[in-house]
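What follows is calculated from the coordinates using simple rules that are stated; it is not laboratory data. On a predicted model such as this, the values are computed, not experimentally measured, just so you know. Because the Cβ atoms are built from the backbone with ideal geometry, glycine has one as well, and the counts that use them run over all protein chains shown.
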Amino acid sequence: MNSDANMIGRNLRIDADRLWNSLMEMAKIGPGVAGGNNRQALTDDDAAARRLFQTWCEAEGLALQTDQMGNMFARRDGVDNSLPPVMVGSHLDTQPTGGKYDGPLGVLAALEIIRSLNEAGLKTRHPIEIVNWTNEEGCRFAPPMMASGVFAGVHSLEWAYQRTDATGASFGDELKRIGWVGDEPVGGRPVAAFFELHIEQGPILEDSNIDIGVVTHGQGLNWIRITLTGKEAHTGSTPMASRVNAGLGMAQITLMAHQIAMKNAPRAVGAVGHCDIFPNSTNIIPGKAIFTVDFRSPDPEVISAMNAELQAGANEIAASLGLGIEIELAGAFDPVAFDQACIDRVRGAADRLGYSRMDLVSGAGHDAFWMSKVAPTAMIMCPCVGGLSHNEAEEISQDWAAASANVLFHAVVETAGLISDG
Ligand code: HGY
Ligand code: MN
Ligand code: MN
């Protein structure tokens, strides 16, 4: 920030109560059954959340544009609109048993920045765009961070439209059904920088009693989807030796995936979170099992070695049980290193505001991972209670939300260039 702007910038703070109230208001849409949220991508609840976000943006005089993946861009003009925008945002879709803050904190803190700039009557040199990325979670339509992936040129629009959920509904059809297919092309335009605020979703910040996570890197991921085909038969009258049990194969491969992750810990993690078994009847030997192994590591070589070991072991298990096997890479992204200049702005903002900070590697994937391919990008994290996330009991404190939103505020306006003449 220049010296005058620094005077103004130094006193910039968001309105903590207004941010918290917006978070609680958004959390009313797509409630879970235990205090969290079930607002999965492209459901009617996702559509309702989009409409509420649109209403709030329009109340701040922002111009809303939507692209063909349903990504929403709410724009506040700068003094020089020939300059590329500084983008700031996250996602509003949640897991089926998600929390209130995973995603919405990043979108609504961005909105709070605009509300605070409007209140202060301040302008920026660059335009600022708040972003709501479609389908970050990837739980209904794999892979995760799908729409930011199309924006960054990692996936094609056609490929994304063809992805289907467990019922066979396609992404493209569902986006049309909820009425959020925008006119704008996806990506392919200059972005000055992208910042994302997100809860840590792990225990490090809280255990260290640190306010701000300065995310320098993010670990990579492989989602390996396995389909096993056996033979449905009676669980009572079929001799053990002649069973072709897809459920047994899934259990053995799930255990093997865990053992591979344990062998590579702490440099890697792994689990099976998704599994469907058919016909899922107590007295029928499962004829089919579809499940997904989630492997992650900051080291891409570790991920590919784990993947190779899993595939070799899974084929052996399938052969020993007489099962058919198909293996698909349902999601993948490499480890990411964020932009040093953006990271330095986050560090400087935390120091200027007097918050404690520490560098972090993100365990979870985020839209910022793909945005780092097309723009200078950095992430800010705040602690979460017990490090818990992807659980309806996910919780943060209002102070954590306010502190991290203030750091985001300063990093964004420093990048956008605050104009001191208001
Ligand atoms: O899976 C992830 O890391 C993110 O929550 N989509
Ligand atoms: Mn998230
Ligand atoms: Mn999530």
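Values as computed for the structure displayed
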{"quantity": "Spin-label model distance (nm) - residue 156 vs residue 240, 7 Å beyond Cα toward Cβ", "calculated": "5.1 nm"}
{"quantity": "Label-point separation in nm, residue 18 to residue 59, each point 7 Å along Cα→Cβ", "calculated": "1.0 nm"}
{"quantity": "Folded to 0 to 90 degrees: helix 398-416 orientation relative to the chain principal axis, Cα", "calculated": "70 degrees"}
{"quantity": "Centroid-to-centroid separation of the stretch 18-84 and the stretch 92-170 [C-alpha atoms, Å]", "calculated": "9 Å"}
{"quantity": "Folded to 0 to 90 degrees: helix 340-353 orientation relative to the chain principal axis, Cα", "calculated": "60 degrees"}
{"quantity": "Length released on extending from residue 339 to residue 51, taking residue separation times 0.36 nm less the Cα-Cα span", "calculated": "100.4 nm"}
{"quantity": "Kirkwood estimate for the stretch 190-336, i.e. one over the average of 1/r between Cα atoms, Å", "calculated": "17.3 Å"}
{"quantity": "Principal axes of the stretch 147-251: Cα extent on each, largest first, Å", "calculated": "66, 46, 23"}
{"quantity": "Pairwise label distance in nanometres, residue 181 with residue 167, each label 7 Å out on the Cα-Cβ vector", "calculated": "1.9 nm"}
{"quantity": "Label zone at residue 33, where the point sits 7 Å out along the Cα-to-Cβ direction: the stretch 259-300 residues whose backbone N lies under 20 Å", "calculated": "273-277, 280-282"}
{"quantity": "Potential extension, residue 328-residue 258 segment - 0.36 nm per residue separation minus Cα distance", "calculated": "23.3 nm"}
{"quantity": "Karplus-derived HN-Hα couplings along the stretch 269-280 (A = 6.51, B = -1.76, C = 1.60, θ = phi - 60°), whole Hz, x at Gly and Pro", "calculated": "9, x, 6, 10, x, 10, 8, 10, 10, 10, x, 6"}
{"quantity": "Nearest-20 debye value, the chain charge dipole, Cβ charges on Lys, Arg, Asp, Glu", "calculated": "400 debye"}
{"quantity": "Between the stretch 229-298 and the stretch 365-396, the alpha-carbon center distance in angstrom", "calculated": "30 Å"}
